[in-house]
Amino acid sequence: MAKRIPVFAANWKMNKAVADIAPYVKGLADQLSHAPAKLGEGFQVVIAPPATHLAALRQMTTTSPFEASSQNCGTAKSGAFTGEISPVVLKELGVKWSITGHSERRHVYKEDDALVYARTKCALDEGLSVIFCVGEKIEERRANQTFTVVERQLAWLKQVPQNQLPQVVIAYEPVWAIGTGENATPGQAEEVHRHIRMWVNKNLGPVTAESVRILYGGSVKAENSKDIMAEADIDGLLVGGASLDATSFASVIKNGLLSRV
Ligand code: PGA
């Protein structure tokens, strides 16, 4: 069975100052030196600050295994696209990842499935890895539409060429659990993760189903990361609020890893 290396991603959203990066990176590195696995080998850590902070983050992580991620990606390499982020420049900065389809982009900024896919494709074409987010709203869950919504969002991945599929990480983030303090129970999360892996098996093939990492996100904190990571189809965490403080993010990671060693 392919070993899926756990990924822990910090989504800072529109928080923190550039001046906060140095103490954060140092604090996180210090605390993860006591983690139950080796950073960069036994697990990966991805930090997604605001785009305005990426150059500074990269400068401060040139010699550390922390990987930088954008929170979104433009739909073209360059051009008349005011306010967008070029994947070419992300590459130039040494940024390895982009989040795409985060629920705040989908629901606050009304990015539809086609736009999310255009962003995803542009990032993949430039060689970036993506954290492709899916998840249902509370009214959709109540109407038993969770699998339907997630499958509709995932369907776009059928267009990704086989050779780019290893660049894709999927994040299941139920919208009702994001920033609300109300996390999905490990069982609720695993039910959807298992379904996503089955969908991947059917639509993208068994090799991808075995190797693709599926992260959970939505009110993850140090108190629940161990139980969530204990589930068979959960391969990492996408963490918002609890990632803003280095000590708290390190605790999320260390507790999560306890389920894996
Ligand atoms: P949260 O955010 O951990 O604050 O719920 C997660 C996310 O939006 O990625």
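Points to keep in mind about this one:
- 17 Å Cα-Cα reach of K3 towards aspartates and glutamates, excluding residues that sit fewer than 8 places from it in its own chain: E41, E210, E231, D233, D235
- Value of [θ]222 nm, deg cm²/dmol, for the chain, DSSP H segments ≥ 4, -39500 (n - 2.57) each, nearest 500: -10500 deg cm²/dmol
- Convex hull projection area averaged over all views, the stretch 74-180, Cα basis, nm²: 7.2 nm²
- Gaussian network model of the chain, springs between alpha carbon atoms under 10 Å - residue of Y109, Y24, Y216 with greatest fluctuation: Y109
- Flagged links, alpha-carbon separation over 23 Å, of K16/K221; K13/K91; K121/K226; K26/K221; K137/K221; K96/K137: K121/K226; K96/K137
- Using the average count of surrounding beta-carbon atoms within 10 Å as a protection proxy, the listed peptides 252-261, 182-191, 159-168 rank, highest first, as 252-261, 182-191, 159-168.
- Relative packing of peptides 5-12, 196-203 - highest average C-beta neighbours within 10 Å first: 5-12, 196-203
Throughout, read-outs are computed from the coordinates displayed, never taken from laboratory work. This is a predicted model, so every value here is computed, not measured. We place every Cβ from the backbone using ideal geometry, glycine too, and count neighbours over all the protein chains shown.
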